[in-house]
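Let me begin by presenting the structure, written as structure tokens, before commenting on it.
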There are 2 protein chains.
Amino acid sequence: MHFSDYLASCQQWANAGLSASLERANIHNDRIREAMAYSTLAGGKRVRPLLVLASCEALGGTAEQALPAACAIELIHTYSLIHDDLPAMDDDDLRRGRPTCHKAFDEATAILAGDALLTLAFEVVADHDQLPAEIRLKQSLALAKAAGCNGMIEGQARDMQATGRELTLDELKALHEHKTGALIRVACSMGALAANANPDQRAALEEYADAIGLAFQVQDDILDVTATAEEMGKTQGSDIAQGKNTYVSLLGLDAAKQEAQSLYHKALSALERVADEQQTLRLRELAAYIIHRNS
Amino acid sequence: MHFSDYLASCQQWANAGLSASLERANIHNDRIREAMAYSTLAGGKRVRPLLVLASCEALGGTAEQALPAACAIELIHTYSLIHDDLPAMDDDDLRRGRPTCHKAFDEATAILAGDALLTLAFEVVADHDQLPAEIRLKQSLALAKAAGCNGMIEGQARDMQATGRELTLDELKALHEHKTGALIRVACSMGALAANANPDQRAALEEYADAIGLAFQVQDDILDVTATAEEMGKTQGSDIAQGKNTYVSLLGLDAAKQEAQSLYHKALSALERVADEQQTLRLRELAAYIIHRNS
């Protein structure tokens, strides 16, 4: 199967899993149910579920074993987008070309739907029978730490506090490592746990995740200045024009490109400690996709 | 030990546990850490931790076994107060005589601190070694369901949607059963799990919890019209004057008092199926305290 077909089938798998999770939650309140579904089933690349699946399968695990973790992480990713979009936070009206949750519904509903998705993530991890209790508990703990006050939430706090201030390269890295890196890392980590990985394999997958998480962000900043408006769906150079801190503004374009390449090679080299080349094929393809994409 | 001393010692126990949970979380971001501590360590009666402790001890469990669940539930209670107080929700400026979290800090910080407390609750349940993984996982699942979209969050959604509308008695009961009842019930349930209760004991404790949870609310509504302003710290009859739906406005004062008594007896009778009279002493005292309090 070509990687693009694998990507599409993984998206379908994640979307079906998310629909089933919401269905199974049997949400009584119409408005909360609609708001949760509106944001959760709004498309999205489903990169995090793919990382759970590919990590689990690289170690001989099954898609059934990977599914609860994949859904839980995507529910948390969705809640974080809803809350980050709120007027008191980033105050965004549009998300994936549609009104944000608080615009389509109202602020109170958006806050509650976000809270509900975050809570549902822990229900989904705990409430399935594909994995032993010990492993589900480890997944739950890893997820709480990654999403929590020293993980993703610290990233959003750093982002809010960085507004209008020039960051150092180390500060910019720390921001991304928390804001997006923590969930990407725990995706690989939970996938590894689902496949009963040994600690070395889990650590190597986390190293891979850290490298591609950062590479994704560097490539985003490169595309902001090199891609056409049509490819990106936003004005070329708009991040730099808005005075945002980016790898390109701090390093320059050439050094940013070198950084992306170096992270790509770091990711591949970490995978050598996980499993053989055939087993890690999808993870290697994903790393390549991240730094070769043009949108 | 007199009940009032037991209550005070339980508050100290819960406060120390909450401080230790925040300390152990080692929160890097100053502002998020301060906001989380500000709201979590703001006093409060600590009724939910007491219910965890008394339920666990009634079944022969220890305070050490009860502590993680007690802290987790109080962290979730605190997050719910922070989010409920937000301008888009109940828009409250004061909580326990001090500025609400978004007033003392800012809205973005309050949203993030609430999210972080909710997430930390699941970390606290998963990350301790007093209980087998199987039990911690059951606690985590029970907590997610109680706090989630068909539990406490549904209660807040019902409350928002009830504004300016007259409720039936059944609707009012359903509102309270979700908004406050779900966490009270899971407090007893998690305490029972910590003591390795059998399913009958757990179910009986949940029945007790449902009765005292509702009794607490009925008594609140009675006190709104019978207690002096000095006792309650707010104007006598203010709920009724504001057109809020209360048990007294729907049932009348005498029938509300009878309802409180009947719930009290229901709670005591459920306890007979949990353990002997000596073991359930604190739970019986708590039921009496709830309907005899005058503030």
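Taking the Cβ of A:Pro49 as the center, what net charge do the other residues with Cβ under 14 Å away carry, scoring Lys and Arg +1 and Asp and Glu -1?
The answer is +1.
Is there a simple number for the mean count of other chain Cβ atoms within 10 Å of the Cβ of residues in A:124-137, and what is it?
Rounded to a whole number, the mean comes out at 4.
Just how large is the dipole of chain B about the Cα centre, in debye to the nearest 20, putting +1 at every Lys and Arg Cβ and -1 at every Asp and Glu Cβ?
That gives chain B a dipole magnitude of about 240 debye.
Using a cut-off of 15 Å between beta-carbons, work out the net charge of the residues near B:Ile290 (Lys and Arg +1, Asp and Glu -1, B:Ile290 not included).
Once positives and negatives cancel, what remains is +4.
Under a straight-distance cross-link criterion of Cα-Cα below 14 Å, which aspartates and glutamates are reachable from A:Lys257, leaving out those fewer than 8 residues away in the same chain?
A:Asp220, A:Asp221, A:Asp224
Test of the criteria: in region B:120-205, which GluC sites (Glu not before Pro) are in a DSSP loop and have at most 15 other Cβ atoms within 10 angstrom of their Cβ?
Sites meeting the loop and neighbour criteria: B:Glu166.
Going by Cα centres, region B:66-83 and region A:58-96 are how many Å apart?
With region B:66-83 and region A:58-96 each reduced to a Cα centre, they are spaced 24 Å.
Among the aspartates and glutamates, which fall within straight-line cross-link reach of A:Lys103, defined as a Cα-Cα distance under 15 Å, with same-chain neighbours fewer than 8 residues apart omitted?
Cα-Cα hits under 15 Å: A:Glu34, A:Asp84, A:Asp85, A:Asp90, A:Asp91, A:Asp92, A:Asp93.
According to a simple spin-label model (label point 7 Å from Cα along Cα-to-Cβ), what is the distance in nm between B:Thr168 and B:Ala42?
With each label point 7 Å from Cα toward Cβ, the separation is 3.6 nm.
Taking the simple approach of a point 7 Å from Cα along Cα-to-Cβ for both B:Asp106 and A:Leu253, what is their distance in nm?
The two pseudo-label positions are separated by 3.5 nm.
Taking each pair of different alpha-carbon atoms in the protein assembly as shown once, compute 1/r for the pair, average those values, and report the inverse of that mean as the Kirkwood hydrodynamic radius in Å to one decimal.
With all distinct Cα pairs of the protein assembly as shown included, I get 25.1 Å.
Out of A:Asn245, A:Asn29, A:Asn15, any idea which swings most in a Gaussian network model of chain A, alpha carbons joined below 10 Å?
Its mean-square fluctuation being the largest, the pick is A:Asn29.
Mean Kyte-Doolittle hydropathy of -1.0 or higher plus an axial Cα length of 24 Å or more: which whole DSSP H helices in chain A meet both?
Those that pass (Cα extent of 24 Å or more, hydropathy at least -1.0) are A:3-25, A:63-85, A:107-126, A:199-226, A:253-271.
Considering only protein heavy atoms, with the full assembly of protein chains and a 1.4 angstrom probe, order A:Ser4, B:Ser80 by accessible area, largest first.
From most exposed to least exposed: A:Ser4, B:Ser80.
Say the dipole of the protein assembly as shown comes from +1 at the beta carbon of Lys and Arg and -1 at that of Asp and Glu; which of A:Gly213, A:Ala37, B:Val52 then lies farthest toward its positive end?
Farthest along the dipole direction, towards plus: B:Val52.
Which percent of the accessible heavy-atom area of the protein assembly as shown goes to carbon and sulfur, probe 1.4 angstrom?
Result for the protein assembly as shown: 47 percent of the exposed heavy-atom area is carbon or sulfur.
What residues qualify as long-range amide H neighbours of B:Arg95, i.e. H under 5 Å apart, gap of 5 or more or another chain, H built at 1.01 Å from N?
Residues meeting the criterion, in which the H sits 1.01 Å from N, are B:Thr100.
Give the B-A buried accessible area in Å², both sides summed, 1.4 Å probe, nearest 100.
3800 Å²
What is the average number of partner chain Cβ atoms found within 10 Å of a Cβ in B:30-36?
3
If you take each beta carbon of peptide A:273-280 and count the beta carbons of other chains within 10 angstrom, what is the mean?
0
Only Cα pairs under 8 Å and at least 6 apart count here; give the relative contact order of chain B as a rounded whole percent.
19 percent
Net charge around A:Gly213, counting only other residues with Cβ within less than 12 Å of its Cβ (Lys, Arg = +1; Asp, Glu = -1)?
0
P(r) for region A:3-292: what percent of alpha-carbon pairs falls in each 5 Å bin, starting at zero?
1, 6, 12, 16, 18, 18, 14, 9, 4, 1, 0
Let's test the formula: R0 of 41 Å, r as the Cβ-Cβ distance of B:Gln279 and A:Asn198. What FRET efficiency results, to the nearest 0.05?
Step by step, r from the Cβ atoms, then E = 0.35.
For A:Arg293, which inter-copy label distances result when the label point lies 7 Å beyond Cα on the Cα-to-Cβ vector, reported in nm to one decimal and in ascending order?
From this label point to the equivalent ones elsewhere in the assembly: 5.3 nm.
For the protein assembly as shown, what is the accessible area per residue in Å², given a 1.4 Å probe and the full set of protein chains?
Per-residue value: 40 Å².
The values are calculated or read from the model by the stated rules, or taken from the named source; none is laboratory data. Bear in mind that the values here come from a model prediction, so they are computed numbers and not experimental data. Counting neighbours? That spans all protein chains shown, and the Cβs are built from the backbone with ideal geometry, glycine included. For accessibility, only protein heavy atoms count, side chains too; no ligands or nucleic acids. Shrake-Rupley method; radii C 1.70, N 1.55, O 1.52, S 1.80 Å.
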